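The block underneath contains the structure these notes are about, expressed in structure tokens.
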Amino acid sequence: MARKTDAAAHRSGFACFVGRPNAGKSTLLNALVGTKIAITSDKPQTTRRAVRGIVTRPDAQLVIVDTPGMHKPRTLLGERLGDLVRSVWSDVDVVGFCVPADEKVGPGDRRIAAELSEQAPKTPIIGIITKTDKATPQQVAEQLLALSKVRDFAEVIPVSAVADSQVDVLADLLIDRLPVSPRLYPDAELTDEPMETRIAELVREASLDGVRDELPHSLAALVTEMGPREGRTDLTDIYVTIFVERDSQKAIVLGHQGSRLSSVGRRARLQIEELLGTRVYLNLHVTVAKDWQRDPRQLRKLGFDL
Ligand SMILES: Nc1nc2c(ncn2[C@@H]2O[C@H](COP(=O)(O)OP(=O)(O)OP(=O)(O)O)[C@@H](O)[C@H]2O)c(=O)[nH]1
């Protein structure tokens, strides 16, 4: 109640979204921030980093930490991501618990809820039904009921990031839970992710499109070199290495005579040009790093020293 009486105060703080892989967390973050920060895809476990999006309004600054989807760890990477997610939970002011409107609430959701209660017993949790554009109002109502049986929530809200429905209301609910505080970041900042990381993520996103089975999890991308072309301010040269775990995967990523890689490069380049505001020469190189997901040295090299 204190937050209502103190309406004039500026609030700043941290929020994160939890939920099964593919629940729509990254898309929701992008909708809230209003720009593309976390990459999204229809493959589960796309998110591997705690990317932050920053919503700055006259009355508040909401910093959203995007966490990987929770799943049973099968590799060293999986285990480290699990640890990362849990350390984020105890650090934020409010958690959004996401469940898609078009998938049954199940044991996976209950497991996350139980872990949340254990790791962050005092953090307020907002229940979020995502992707409401994919369900009927009746289904959404049933889903709200099913979700409220999973645990106690501070609030429960249905949203659609794609249809831009209730995203602003969700922002208000999250901001209501932040402490009174001045801004934590300068106004214009939308994320504190380094540019190289965002560029590598755009390349990884483009190369995920259309690949199947275990390949999405075997793909990683790293910017090895980046800078303005000599004597030019309107052209940036960027070299990115795409890592796969096996020769057979390299062949898939390259495609017939490199055709698939060229089209990945074209799509990624357009997005990178938009991000940097310059023209871009993008050089993609595919290399095999055997079983990198299980190798601590390789994980460190790829930036997963969590
Ligand atoms: N129709 C519809 N689709 C959505 C909505 N939000 C997300 N999606 C789709 O659901 C899929 C998964 O979305 P993500 O945002 O990547 O999900 P995530 O929870 O971040 O997934 P992980 O990174 O695997 O944890 C993508 O294909 C999105 O386009 C929505 O509001 N409506």
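The values are calculated or read from the model by the stated rules, or taken from the named source; none is laboratory data. Treat the numbers as computed from the prediction; the structure is a model and nothing was measured. Note that each Cβ is placed from the backbone with ideal geometry, even for glycine, and that neighbours are counted across all protein chains shown.
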Filter segment 201-232 down to the residues that are within 14 Å of V264 (Cβ to Cβ) and in a helix (DSSP H, G or I) and list them by number.
E201, L202, V203, R204, E205, A206, S207, L208, L215, P216
Can you pull out the helices (runs of 4 or more DSSP H) entirely within segment 10-127 that have at least 1 residues that are at pLDDT below 80 and buried (at least 17 other Cβ atoms within 10 Å of the Cβ)?
76-89
Among what's in segment 105-148 and is within 22 Å of the chain's Cα centre (by Cα) and among the basic types (K, R), pick the residue that is nearest to S90 (Cα to Cα).
R111
Scan segment 275-300 and report the pairs whose first residue is under 15 Å from E245 (Cβ atoms) and whose second residue is at pLDDT 85 or above and of a type in the set (G, A, S), with Cβ atoms within less than 7 Å and a gap of 6+ or a chain change.
W292/A220
Can you tell me which residue in segment 128-141 is nearest to the ligand (Cβ to nearest atom), limited to those that are surrounded by fewer than 17 Cβ atoms within 10 Å (Cβ to Cβ) and under 18 Å from R20 (Cβ atoms)?
K134
What single numbered condition from (1) hydrophobic (A, V, I, L, M, F, W, C); (2) assigned by TED's automatic domain parsing to the domain that holds N22; (3) away from the ligand (no atom under 16 Å from the Cβ) fails to hold for L184?
(2)
Sole exception among (1) crowded, with 19+ Cβ neighbours inside 10 Å; (2) modelled with pLDDT of 90 or more; (3) more than 21 Å from the chain's Cα centre (by Cα) for I272, by number:
(3)
Within segment 236-249, track down each residue that is in contact with a strand residue (DSSP E or B) (Cβ under 7 Å, 6 or more places away or on another chain) and surrounded by fewer than 17 Cβ atoms within 10 Å (Cβ to Cβ).
D237, Y239, R246, D247
Quick check on A171: is it more than 13 Å from the ligand (Cβ to nearest atom), in a helix (DSSP H, G or I) and in contact with a helix residue (DSSP H, G or I) (Cβ under 9 Å, 6 or more places away or on another chain)?
yes
Being surrounded by fewer than 19 Cβ atoms within 10 Å (Cβ to Cβ), at pLDDT 95 or above, assigned by TED's automatic domain parsing to the domain that holds F14 and among the basic types (K, R): is that true of K149 here?
no
Failed condition for V211, given (1) among the β-branched types (V, I, T); (2) modelled with pLDDT under 90; (3) farther than 30 Å from L254 by Cβ:
(3)
I'd like to check something: does segment 233-244 contain any residue that is under 22 Å from T197 (Cβ atoms), touching a residue at least 12 places away in the same chain (Cβ under 8 Å) and not in a strand (DSSP E or B)?
no
